[in-house]
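The values are calculated or read from the model by the stated rules, or taken from the named source; none is laboratory data. All values derive from a computational prediction rather than experimental measurement. With ideal geometry, Cβ positions are generated from the backbone for all residues, glycine too; neighbour counts draw on all protein chains shown. Only protein heavy atoms, including side chains, enter the accessible area calculation; ligands, DNA and RNA are left aside. Shrake-Rupley method; radii C 1.70, N 1.55, O 1.52, S 1.80 Å.
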Amino acid sequence: QVQLVESGGGLVQAGGSLRLSCAVSGRTSSGYRMGWFRQAPGKEREFVAVLSWSGDFTLYADSVKGRFSISRDNAENTVYLQMKNLKPEDSAVYYCAAGPLVRAVRGIYDYWGQGTQVTVSS
């Protein structure tokens, strides 16, 4: 079992920055690939970013490329999502997820956090 707890969400003006954190506990040595997804009201949960266990390989949604950066600190069992130049359309609940592959497909992820709200005002 793996437990994921997100933090760092909040209200920010357009153009601002936020850093989300995901604390990982449980079977942290299992080499999970870690991803971020988001879900806005009335919309499906969508892929944002994912990275490999080593951190060497990353994948981003086109909508966030160049603005968001995913990283991990395995010693601290924490995954980060640095978000810059935020736009109102980035407003959503952001979820951390753990899965076996570096993929943008929601269904392959085994574990999910409870989410953290990000609101970007215009």
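Figure legend. Inter-residue proximity from segment 104-118: first residues under 18 Å from Q3 (Cα atoms), second residues of a type in the set (S, T, N, Q) and surrounded by fewer than 12 Cβ atoms within 10 Å (Cβ to Cβ), beta-carbon distance below 8 Å, spacing 6+ or different chains. Indicated pairs: Y111/Q1.
Residue by residue, here is whether (1) within 16 Å of V5 (Cα to Cα); (2) open to solvent by less than 20 Å² (accessible area, probe 1.4 Å) holds:
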{"position": "V24", "(1), (2)": "yes, no"}
{"position": "F37", "(1), (2)": "yes, yes"}
{"position": "A40", "(1), (2)": "no, no"}
{"position": "S121", "(1), (2)": "no, no"}
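Look at segment 1-16: where a residue is closer than 11 Å to V93 by Cα and a partner is in a loop (DSSP other than H, G, I, E, B) and open to solvent by less than 50 Å² (accessible area, probe 1.4 Å), sitting 6+ places away or on another chain with Cβ atoms under 7 Å, you get E6/G113; E6/G115.
Out of all the residues in segment 105-119, which are of a type outside the set (V, I, T) and surrounded by fewer than 16 Cβ atoms within 10 Å (Cβ to Cβ)? G107, D110, Q114, Q117 - these are the residues of segment 105-119 that are of a type outside the set (V, I, T) and surrounded by fewer than 16 Cβ atoms within 10 Å (Cβ to Cβ). Within segment 47-56, identify whether any single residue is within 18 Å of R19 (Cα to Cα), in contact with a Lys or Arg (Cβ under 9 Å, 6 or more places away or on another chain) and surrounded by fewer than 15 Cβ atoms within 10 Å (Cβ to Cβ), and answer yes or no. Looking for residues that are within 18 Å of R19 (Cα to Cα), in contact with a Lys or Arg (Cβ under 9 Å, 6 or more places away or on another chain) and surrounded by fewer than 15 Cβ atoms within 10 Å (Cβ to Cβ), one finds at least one in segment 47-56, hence yes.
Going through segment 73-103 one residue at a time, which ones are in a strand (DSSP E or B), touching a residue at least 12 places away in the same chain (Cβ under 8 Å) and open to solvent by 50 Å² or more (accessible area, probe 1.4 Å)?
First, pick out the residues of segment 73-103 that are in a strand (DSSP E or B): 73, 78-83, 92-99.
From the residues that got through so far, the ones that are touching a residue at least 12 places away in the same chain (Cβ under 8 Å) too are 78-83, 92-99.
Listed by number, the list holds a single entry, Q82.
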